[in-house]
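For reference, the structure discussed in these notes is given below.
The values are calculated or read from the model by the stated rules, or taken from the named source; none is laboratory data. Owing to the predicted nature of the structure, the values given are computational and were not obtained by experimental measurement. Glycine also receives a Cβ, built like all others from the backbone with ideal geometry; neighbour counts cover every protein chain displayed.
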C-alpha cells in the first residue's frame, strides 16, 4: 500500500509563486556624504572600488611559542612584540572609507594635507611616525629594506630547500620549497607585513623580504606606509585593518557607533 503524503499546511491564500528572498540593505551611502568623504571623488572611489574589496585580517603571533625559532628571533631582533600582539577589533566601513579617502598627495611633502587622511570630519595623521606611535615601537632607526638589490640566487639558497636557483621566466616560487622555519615566518609576513591571500606562491618581493628578515632589521613603519599606498592604487584586498582602525581611534575618532566587524585572526603560527 503506498505511503500517504503529509498534507501541506498553508498560512493563507497563495498565488503559487515563491517569494523572492529579500536582498540585504547596502551600507553604501546613496549620495555623497561630506561627513564621511573629503571629496565627491573619494565617495565614488568608495562606491565603485573599496566598498566591494575584501579585507585581510592581521594575525596574532604567540611569541612564547617561537622563542628558539626563526620567527622568534626576527620578532626579538626587530622589537616587534607589540606589532604581532593580538589585533584590535576592526570596523569594516572605517577601513573601506579610509582607503577611499587617501588622496593623491599623501606622500607629497609640499601638500598641506601631507600624510593626513580625511575621516568623518577631521584629518587623521597617517605616517610612519603615526604607525610608530600606535605600535609603541622604540624608534625607526633600523635598516631600510633594500631587497630589490639582493641577488636572487642568494635569496633562493637562503630560504628554500631542494632548489638552488630562481626558475627562468617565473615570477613566483611554490611555498612548499620554503625551509620549514621560513615557512612559519612567511605566515606572519603574509598577514602583517606584505599582506596577501595567495600564500601558496611566493613572489620575488616576498622572497626577498624573507631573506632580508633572517639577518637584518626592517623599518616596519616606512614599509607599511608604502604598502598602504600600493594597496590604495591597485585592485587587491585591503590590508592592515587593525592598524587603520586603531590609528583612527588614537587620534580621537568616536567609533562607538560602528557595528560591522571583521573576525580577528588569532590563530597560532604553525
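Numerical summary
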{"item": "Some residue of the stretch 45-67 being free of Cβ contacts under 8 Å to residues at least 12 places away in the same chain and within 19 Å of residue 217 (Cβ to Cβ)", "result": "yes"}
{"item": "Number of positions in the stretch 115-134 that are assigned to a strand (DSSP E or B) and either out of contact with any strand residue (DSSP E or B) (no Cβ under 8 Å at 6 or more places or on another chain) or over 18 Å from residue 254 (Cβ atoms) (or both)", "result": "3"}
{"item": "Selection from the stretch 56-76 of residues that are surrounded by fewer than 18 Cβ atoms within 10 Å (Cβ to Cβ), at pLDDT 90 or above and not in a helix (DSSP H, G or I)", "result": "69"}
{"item": "Residue 136 being exposed (fewer than 13 other Cβ atoms within 10 Å of the Cβ), at pLDDT below 95, within 21 Å of residue 243 (Cα to Cα) and within 22 Å of the chain's Cα centre (by Cα)", "result": "yes"}
